[in-house]
Amino acid sequence: MIYLKNSGDTEVILTLYGEVNNVYPTFQFELVNTDLNARYIFSYPDHSSNPNYYNSFTFSVTNDLSNYDPDVINYDGEILPLRIGTYDYTVFEIDDEMLRLGKVDEGILIVLDENETPAIEDTDITPTYKNI
């Protein structure tokens, strides 16, 4: 699960390299909120110092929705105008022509109010890891 504040930058760490086909992969994110009928597609550069072990992305989000256009879904490198809520996310490996080569991750992304903190319901749960 990914948590983002609804304004500012958030570093997101994922482990995607084990699912890719290329030595130097590029990733595309897709966020879908069916309640709001909103869909976002974007790429951010991976700024991991060791992408063979983890991938690091900085998500830039704004709560200013004055320029939001539901017909625009491609937000490459731009600030995302996201409403507070829950989104399904999918990460794809893409090639130089922006064609999707395959899905490498999926899950839930929650956009929180800037004053909220994620709720941790049970701290005694043994963590589970994907692809192990």
Next item on the list: Would you be able to tell me the number of residues in segment 25-60 that are at pLDDT below 90 and either aliphatic (A, V, I, L, M) or touching a His at 6+ places or on another chain (Cβ under 8 Å) (or both)?
Entry: 2
Note to self: Looking at Ser48 and the list (1) crowded, with 16+ Cβ neighbours inside 10 Å; (2) among the hydroxyl-bearing types (Ser, Thr, Tyr); (3) touching a residue at least 40 places away in the same chain (Cβ under 8 Å), which single condition is not satisfied?
What the structure shows: (3)
Next item on the list: Find all pairs meeting these conditions: Cβ atoms under 9 angstrom apart; at least six residues apart or on different chains; first residue within segment 30-45 and more than 16 Å from Phe59 (Cα to Cα); second residue assigned to a strand (DSSP E or B) and among the acidic types (Asp, Glu).
Entry: Asn33/Asp88; Thr34/Asp88
Note to self: Quick check on Asp9: is it of a type in the set (Asp, Glu), farther than 17 Å from Glu78 by Cβ and surrounded by fewer than 16 Cβ atoms within 10 Å (Cβ to Cβ)?
What the structure shows: no
Checklist line | Matching residues in segment 88-113 - criterion: being surrounded by fewer than 12 Cβ atoms within 10 Å (Cβ to Cβ) and either polar (S, T, N, Q) or more than 19 Å from Pro45 (Cα to Cα) (or both) | finding: Ile108, Asp113
Next item on the list: For segment 16-28, enumerate the residues that are crowded, with 17+ Cβ neighbours inside 10 Å and either closer than 17 Å to Gly85 by Cα or β-branched (Val, Ile, Thr) (or both).
Entry: Val20
Next item on the list: Among the strands (runs of 3 or more DSSP E) lying completely within segment 1-102, list those that include at least 3 residues that are closer than 20 Å to Glu114 by Cβ.
Entry: 2-5, 8-14, 55-62, 85-94
Notebook entry, point to check: Among all residue pairs at least 6 apart or on different chains, which show Cβ distances below 6 Å where the first residue, located in segment 1-17, is within 10 Å of Pro51 (Cα to Cα) and the second is of a type in the set (A, V, I, L, M) and buried (at least 19 other Cβ atoms within 10 Å of the Cβ)?
Noted result: Leu16/Val104
Margin query: Looking for something loosely packed, with under 14 Cβ neighbours inside 10 Å, closer than 13 Å to Leu14 by Cβ and modelled with pLDDT under 90 - is there at least one such residue anywhere in segment 118-130?
Written below: yes
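The values are calculated or read from the model by the stated rules, or taken from the named source; none is laboratory data. Please read all numbers here as calculations on a predicted model, not as lab measurements. Virtual Cβ from ideal backbone geometry, glycine too; neighbours counted across all protein chains shown.
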